[in-house]
Amino acid sequence: METKCKGRVWIFGPDINTDAILPSQYMNLRDPKDLALHCMENEHPTFAKEARAGDIIIGGKNFGCGSSREHAPLSIKGRGIACVIAKSFARIFYRSAFNLGLPILECSEAVDGIEEGHLIEVDLAEGEIKDETNGKVYKATPIPSFMQAIIDDGGLMNHIAKKRALSQTR
């Protein structure tokens, strides 16, 4: 179970809603790679082209507010973003992120202390966020092991299928 990720930071402000994450005109798309082409295009026009697999999003309070669209966290995951760190998440986005296998952490201090372009390493199991650019370390609530297992399996549906398959082989 790999619980560490390292990547370049992209900063977004408070109250980033699901329409900002993925504009509504793309809700007819289903493939995460297609959705990823439009992720954050109105908030940061170069994000979808320049973000690399393993990069990390940092957002303010209430990240993912608005309509309950699984397409929003799916577009982030499809872009290859390793995790999202925010001051807080909208409840429905929080659930959708874990259901889809997208790691998220809440840490106000990291949001306030890390700048765009910094390289950070995140230990999801320990809740530790290291800013390798300035040497600061921040502490978030770690992802519980049972939720980390859902992420490791690629989301809730894959996790359930894996559990079912394991129980049938016993």
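The values are calculated or read from the model by the stated rules, or taken from the named source; none is laboratory data. Please read all numbers here as calculations on a predicted model, not as lab measurements. Note that we place each Cβ from the backbone using ideal geometry, even for glycine, and neighbour counts take in every protein chain shown.
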Inset, instruction - Residue by residue through region 1-36, note down the ones that are of a type in the set (G, A, S), free of Cβ contacts under 8 Å to residues at least 60 places away in the same chain and closer than 30 Å to A125 by Cα. - result: G13, A20, A36
Inset, instruction - Would you mind telling me which numbered condition in (1) at pLDDT 95 or above; (2) buried (at least 18 other Cβ atoms within 10 Å of the Cβ) K139 fails? - result: (2)
Legend entry - Identity of the residue in region 1-30, assigned to a strand (DSSP E or B) and either touching a Lys or Arg at 6+ places or on another chain (Cβ under 6 Å) or aliphatic (A, V, I, L, M) (or both), that ends up surrounded by the fewest Cβ atoms within 10 Å (Cβ to Cβ): I11
Legend entry - Identity of the residue in region 37-59, surrounded by 21 or more Cβ atoms within 10 Å (Cβ to Cβ) and small (G, A, S), that ends up farthest from L124 (Cα to Cα): A51
Inset, instruction - Determine if region 76-97 includes at least one residue that is in contact (Cβ under 8 Å) with a residue 40 or more places away in the chain, farther than 21 Å from D152 by Cβ, of a type outside the set (D, E) and not in a loop (DSSP other than H, G, I, E, B). - result: no
Inset, instruction - Please determine, by comparing only the residues of region 111-170 that are hydroxyl-bearing (S, T, Y) and touching a strand residue (DSSP E or B) at 6+ places or on another chain (Cβ under 8 Å), which one is nearest to S88 (Cα to Cα). - result: T141
Inset, instruction - Return the residue satisfying two criteria in turn: it lies in region 115-170 and is assigned to a helix (DSSP H, G or I) and polar (S, T, N, Q), and of such residues it is farthest from I104 (Cα to Cα). - result: Q168
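Would you pick out the residues in region 37-62 that are assigned to a loop (DSSP other than H, G, I, E, B) and in contact (Cβ under 8 Å) with a residue 40 or more places away in the chain?
Scanning region 37-62 gives C39, A51, R52, G54, D55, G60, K61, N62.
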Legend entry - Scan of region 145-166 for residues that are surrounded by fewer than 16 Cβ atoms within 10 Å (Cβ to Cβ) and over 16 Å from the mean Cα position of the chain (by Cα), ordered by number: S145, F146, M157, N158, I160, A161, K162, K163, R164, A165, L166
Inset, instruction - Determine which single condition L74 fails, assuming it passes every other condition in (1) surrounded by 17 or more Cβ atoms within 10 Å (Cβ to Cβ); (2) of a type in the set (A, V, I, L, M); (3) at pLDDT 95 or above; (4) in contact with a strand residue (DSSP E or B) (Cβ under 9 Å, 6 or more places away or on another chain). - result: (4)
